[in-house]
Every structure is written in C-alpha cells, then in structure tokens.
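Q: Here you go, one structure.
Bear in mind these aren't lab numbers, they're just calculated from the coordinates by the rules spelled out. Please read all numbers here as calculations on a predicted model, not as lab measurements. Here Cβ is always computed from backbone atoms with ideal geometry, including for glycine, and neighbour counts include all displayed protein chains.
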C-alpha cells in the first residue's frame, strides 16, 4: 500500500515537472543512442572485414571513450539543474511530514522510472539506428555495403552498465543534497540573494593578455612544424583568456555601459543590463564553457569535413605521382637494377611510365646556427633549430625544371622552403658554398616535399661535391659510394592494375635493397578513405552530440532564469510595462545570452584560421579555399541550429513569465 | 468634478468550469475629490483587494464603470492600459515590490524609463523627491541592503515620481514594524498635505485613523463611512474601532 503511494507521488512529480523532465529524458535517450551506436561500431564484426580496420577501429574506440566521459559530465550537470529547481518541492514534502528517508524513496522511484524509460528507449532506438549508422559510415569510407543485422551484446551491456552507473551517481548526489539542507533552506531553494559582483580588473587584464598572446601565436605561425607546439599553447591561452574575459570582462563592460546614462536609461538596455550584471557571476562560467565548446565543435567539424572533401587533393599532395620509389643509400649499380625492374614490371602489365621524375640526392638533418650547419643525430623529436639540407646535382635540376643553369665548384642554387639564411655564404662544418642564386621555386617531390622542419634545398655542380659535403659534415674520410635515389611516374591504367603494379614492384625491389620504399597512390587510397572518413564520421557524430548538449544547457539555463524573472516581470507589469515590451526585452536578452558565446567563438575561429591552415598542411591538406568554404558552411549550419533553439527557448521563457 | 468616480461596480468570479460563481463586489459606488486621503477598511474576503485591482485597471469589473478625471478606465484598450497606469496611477504595495536587480535609484527611475523620459528630466524629479523622503544617502544601495522602512520609502518615491493623479496603496504598513509604520503614515500625511490624492486599503486601524475619510466594505458593498474632519487621531481611532466591532457583531447600519 505504502509503496504504491510513493510510486504514485513519483509519477506525479515527473508529470508536474514535465517542462524540465521531458527535455532531460530526451537528452538521456539521445546520449544513450549516441553511445550505443559508437560502441556498436567499435564492436561490429562487419568492420573487421576492412583491410586497415585497426586504425578505423581505434578511432571508433576513442570515440566511444569520449562519449562515455562526456555522458557522465553532461548528464550530471543537467541533473544538478533539475535538483536545484526542485529543492522547494522537497522542502514542502519535508515540512508536510515526510522524512528525508521517505523523500529519498520518492527520488529513487523517480530515478528508476526515468532510467527505465531512457535506457529502454535509448537502446531500442540505438539498435534500430545502428544499421543506418553503419551504412553511413561505410558510405563515407567508400566501403562496400555488407548485408545483415547485428546486435553486439557487448555494446548493449556496456550501455546499460554505463548509464545505470550515471543515474546511480546522480541519485546519490540528489539524496545527499536533500540530506544536507534543512527544510527552510529547501523551501528557499533557488532564491538565495546575490550581491552585485565587483569588477575584477586584474582578471580582466590577464584575460586580455592571454587572449592577445594566443591570437598572436596563431597569427604569426609561419611553419607547419611550429604549428603543432604553437597550436596547443595557443589553445590553452585562449581557453584561459575566454574564461577570464567572460568572468571579469563581461562585468567590466556591463558596468561601463551602465555608467553611460544616455545608453543605460533606455528601456531595453535598462532591464537587460541590470539583470545581466546581477547574473553574470553564475553565468560567466557557463557562457565561457559554451563558447569554448562551440569553438571546438566548429574547428572539429570544419577540419574533418574539409579534409574529407579534399581527400583527392590530399592524395595528390601526398602522392604527386601514381607510383613513387624512394631508395635510401643505394649504389649506382643498384639504381640501374632498380630502373630495369620498373621497366620490366610496367611492360608486363602493358603500361608505360609517364611524367617520370627521377633524381639522385643526399639529405642531412643538421643543427642550424645562422649560416653554419653541423650534423645532428636524428631522434623522434625534432627541435626547432633543426634544419634539413637536401642536395641535388645541377644536371638533375636542369632536367626536371627545363633550365640550363651552370655552376662552378663551391657555388650553389638555394631554395628555402622554411627557414632563413642571411648573406651569401653557407658554412657546412667548414665546407663553404657561395650562394649564386636563390630559387623562387623548385619542383618539389619525394624528399623535396619534406616540410616538417626548416628545409633548404641546395643545387650543386656534381655528385662529387655532394660526397665532399658528406665528408665534411659527417667527418668520415672514406669514399662514399651510396646516394639516395628517387623515381616516380604516372601510369595510364585502371585502379586495380595500379595496385597490382605496386605490389609487383614491392616484391621485386625488396630483393635489390631492403631500403627501398614503394608507394602507390591507389593502394593507399583505401587507407586514406578509412582514416579520414573515420575521422570525418567521428567529427560529425561528436559534433551533433556536443551541439545537443550545448543546446540543452542553454535551454535549462534560460528556463531557470525564467522562473527567477517571473516575479520581476510581474512587478514591472504592475508598474506599467506592457506585455509587448516584456516580450521585446526577453527577446533581446535571450538573444544576447545565446549569441554572445557564438560570436566570440567565431572571433576565435577567425584568429585561429592561420594556424589551422598550417596545421592542416602538415597533414598534406593545402586547399585553403576549400577549408574556408567548409568552415563557413559549418558556422552557418551551426548558427541555424542555434537560432531554432533560441526561438524555442525564448518562447518557453515567455510562457513561464506570463503564467 | 471628482478625480475618481466608482459607479455601481459589480464583480462576479466564475470558477474555471463555469460551475460556481462568487460575487466579490455586489454594488459599489463612491467618489473621491482631488486632494483627498481615503482609507478603505474591511475584513479578509470583503472584496477590498478586488476593488483596488479594478481601480488600478489590473482587473475588469463585470459591470459598472470607473472614471478617472471623467475618463472611463474600463473602456481603455488593452494595449493602452499599461501606459495609462504608468502615467496616472502610483502604486505602493505591502511587500514593496522592488526589483533586486536594480539599485534604489534605478528602482525609482523604472516607471520614468518605461515612459521614455530623458536622464536629465528623471534626475531632476528624483532630487526633489528623495530629499522629501529622506533617502538621498541610499540611492546607490540595493534593496536587499536596506531596511524595510527604507524599502517602503523607495517604493513611495517610485510611485510619486510619475506625478500620478492618485496613489493607490495596498496595505502599505503590512510588512513594517510599528516605528517604520509611524514614519510611513506621517509621510503619507505630508504628501497629502502637498495636494496628493491617496487611496489606501488597510487592515490597520491606526493607519486608517490618519486618513481624512474611512470607508468600510462588507460583503462586497460599502457599508459605512466616517469623515475625520476636525477629529483628533485618537477620537478617529476610537470611532473606527467601534464601527469595526459593530460590523463584526452585525449591528445596524447608522448615519
């Protein structure tokens, strides 16, 4: 009998709070669907058929972990909001004679109801959607569709355990909250008085400095390698800056606006500025979270989308020719054999090499000190003063670029990809070159595409000079027979022929020397699609999840404020404010709160643009125009979703106030 | 011409599904001249708050009319009503109804901002009023930082700053201690002496005894009224007290 009584109360409570509980349950369901699907993909057997599935699976397992962590934080945050709203209700129960332990039973029952609804619906919808999702993923990575339907029991169990755990933690938190406070406090609940926040100039200044420094790093980054380190420093600085500015800067700006009497004493400004100052203390952190999250979502989406859209460009950048052979430290004899093998294999498959590029070269990783260079041991880590020197002969240069330059011994043509050498002299551990000319461009391919560190390309008179340079740099006096050799070509053949040719070459060339690499763009294409497609898929998936989270956070925030503001607006109405005016003010106020983080996010993005393009170029993506277009599309799509939610929220907010 | 005329007001509340009807006001008529200070007394449920709400244009009567300066409040269109209220009526509430997001000064400015006045004009009006009410030093404080009496003064300043035709006060001393109440009533007398018309609804005999006229409302009708004329406060107090006793014990209507 009494259990029946409690469950009745629990059901009643959920119904009564439907305005906040329905979005909460929906959010739970969405999160569960998302998690189940990611977990499903990570476990799906179908994916096991993919050739390079381990890298894709790793991306997916990573995605599963991200979503799990995210779900915990997200649902906990929203639960906290719900409990805050309902403290008054529990206080009333308490005063009417329910003990805290009875309240705990009611809360437990409520949580169980919500949990059963969410997990059942979530898993069911997840299972139904999973087929669609895997089709989508296969479409994205251009993999042939597999028939059949799969429900990995492991994923279902993971989902149920994770979310039962989350609900359990939330329940404990709620009970603890109610347990901590006395009835009077519970009754007062949300309306604890707040002092006007002070302007914190120091924090505002720190914010400006961090943000400025972050922007400066981003704008002045010239080299892709520097972009890696710089990027993370800049991100951290910008995050700190955003927090500081939202916390202190917003209050400073609002107070400045308030000082401007002409501006402040206009009805719209009057009401919204004062209430924003009043709220900023609790809002600032939330707004900066939303701002940072928006920035991340936009960056993630725009980069993954543009990389995926530009995958052909990336392939062509990475593999300028269909097939390329890179031989390290081979002798002239081996080079000759190599050429023969290529000729033979291509003719077996009935094709001929076209657009051939071949050259002998030698490269050294060095430490640069202005115009002098000394040799450097290669580790995994490349310091910023590292410089790569690549030597080719004038004959190869003339042949590749159709020129007829001539050089004397001790003279060089210099092409600088990254880095800087002042003056006309280069000193290579005692071996000196005079720079005859600086080349504005160089045919770049093979070793010549290396763009990680500072790179200098030196064209010298002949092979012997290169060997002398090696002696000077490495200090061994022997006569070195070995050079590196690069040979690449296009073939006019279908994809499967190209793949066959690449495999045949691999087999044959390994016999000549184990230090020969063969790359075929067609045989790599699938790997690229899997990796980039997987990232793209993950980007979209997480993007949607984060957007949903953000939207719900905003919605809740506004509703909570709506209940706070209700009384205020009723007073204003009594004093003589019309409903029309109230509506206008609410619109502009909600608009500001909603779009401020978005605007700041877009500003971040504009400043980050330079460093992002550098970052992408390291991943062989250099199509800046495509990146711009993708970013703009992402921002627009994002704003549209945002606007829809804004309209819905403003409506609900107004409804609450009019009640 | 009287400043406020209430003619045969009737108010019937119908419950949501049209079942029960409750008659809050059956037939109320009275008029108030410019410069008067009138108190309306009655028990809970006698209909006095309903009456005040109708006069304040917050509620519409079922039948009858309310004229302010000869103009009918009842027939004002919905979208003009806020402006009308703002320009002609000043409100003082039991629980002050100050906004805690605004400083004292901004709370007082609120109706003027609503009316779209310039800062200079607002400031000029403010200076005169705060001096009279003795709240010049707390203008930059927030409502939660000041005492109840100060809050009510702020509310009065907010009501006065629009130079309303009439001030409507709903239990203005209800939430105040006796010292603050005395101060407030003295203030009302002063304002009234300056020519401000005041209509006050109250439970408190003490508050009512300061008014120039007291009307008693019972079961939705004006039951009785007393003019103070040259009576002392004590005499007035006694008379009001007697009348209330009579109402409660169900005595005959006299005078």
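Q: Which value in deg cm²/dmol, rounded to the nearest 500, describes the helix-derived mean residue ellipticity at 222 nm for chain B, given -39,500 (n - 2.57) per DSSP H run of n ≥ 4 and division by the residue count?
A: Calculated mean residue ellipticity at 222 nm is -11500 deg cm²/dmol.
Q: Sticking with this structure for a sec: When the chain is fully extended, how far beyond the present Cα-Cα distance does residue A:198 get from residue A:151, taking 0.36 nm per residue of separation?
A: Fully extending the segment from residue A:198 to residue A:151 adds 11.3 nm.
Q: Expected output is a single nm value to one decimal: the length gained when fully extending between residue A:12 and residue A:436, i.e. 0.36 nm times separation in residues minus the C-alpha distance. What is it?
A: Contour length minus the Cα-Cα distance gives 143.9 nm.
Q: In which sequence would A:487, A:642, A:173 go, from the one with the fewest C-beta neighbours within 10 Å to the one with the most?
A: Ascending number of Cβ neighbours within 10 Å: A:173, A:642, A:487.
Q: How much FRET efficiency would the formula 1/(1 + (r/R0)^6) give for residue B:22 and residue B:163, where r is the Cβ-Cβ distance and R0 is 30 Å, rounded to 0.05?
A: 0.20
Q: May I pose another question? What does the average come to when, for each residue of peptide A:575-586, you count the partner chain Cβ atoms lying within 10 Å of its Cβ?
A: Averaged over the peptide's residues, the number is 5.
Q: At R0 = 35 Å, how high is the FRET efficiency between residue A:19 and residue B:131 if r is their beta carbon distance? Nearest 0.05 is fine.
A: With a Förster radius of 35 Å, E is 0.15.
Q: Ignore the peptide's own chain and count Cβ atoms of other chains within 10 Å of each Cβ in B:97-105; give me the average, rounded.
A: 6
Q: If you don't mind, another one. I need the shape label for the stretch A:276-373. Rule: rounded when a/c is under 1.5, else prolate if a/b > b/c, else oblate, with a, b, c from the alpha carbon gyration tensor.
A: Here the stretch A:276-373 falls in the oblate category.
Q: Label points 7 Å out from Cα along the Cβ direction at residue B:118 and residue A:255: separation in nm?
A: With each label point 7 Å from Cα toward Cβ, the separation is 2.9 nm.
Q: For a quick protection proxy, order the peptides A:81-87, A:291-297 by their average other-Cβ count within 10 Å, most packed first.
A: A:291-297, A:81-87
Q: Kindly rank B:31-37, B:90-96, A:559-565 from highest to lowest mean number of other beta carbons found within 10 Å of each residue.
A: Going from most to least packed, we get B:90-96, A:559-565, B:31-37.
Q: Here is a follow-up. How far apart, in nanometres, would the label points at residue A:424 and residue A:5 be if each is projected 7 angstrom from Cα along the Cα-to-Cβ direction?
A: 10.3 nm
Q: How many nm is it between the label spots at residue B:203 and residue A:637, if each spot is 7 Å from the Cα in line with the beta carbon?
A: Rounded to a tenth, the inter-label distance reads 6.3 nm.
Q: For residue B:231 and residue B:76, what does the FRET efficiency come to when R0 = 35 Å and r is the distance between their Cβ atoms, rounded to the nearest 0.05?
A: E between residue B:231 and residue B:76, to the nearest 0.05, is 0.40.
Q: Need one value for B:25-36: mean number of C-beta atoms belonging to other chains within 10 Å of its residues' C-beta atoms.
A: Rounded to a whole number, the mean comes out at 0.
Q: In whole angstrom, how far apart do the alpha carbon centroids of the stretch A:230-245 and the stretch A:252-318 sit?
A: What the calculation gives is 14 Å, centre to centre.
Q: For helix A:201-220, report the angle its Cα long axis makes with the longest principal axis of the Cα atoms of chain A; keep it between 0 and 90° and round to the nearest 10°.
A: With rounding to tens, the tilt is 30 degrees.
Q: For the stretch A:13-83 and the stretch B:193-231, what is the separation of their C-alpha centers, rounded to whole Å?
A: Taking the Cα centre of the stretch B:193-231 as reference, the centre of the stretch A:13-83 is 67 Å away.
Q: Per DSSP H run of at least 4 residues, take -39500 (n - 2.57); add these up for chain A, divide by its residues and hand me the 222 nm value, nearest 500 deg cm²/dmol.
A: -24000 deg cm²/dmol
Q: Tell me, in nm to one decimal, what length is gained between residue A:228 and residue A:644 on full extension, where the rule is 0.36 nm per residue of separation less the Cα-Cα distance?
A: Using 0.36 nm per residue and subtracting the Cα-Cα distance, I get 146.1 nm.
Q: Taking other Cβ within 10 Å of each residue's Cβ, how do A:306, B:46 sort, fewest first?
A: Lowest to highest Cβ neighbour count: B:46, A:306.
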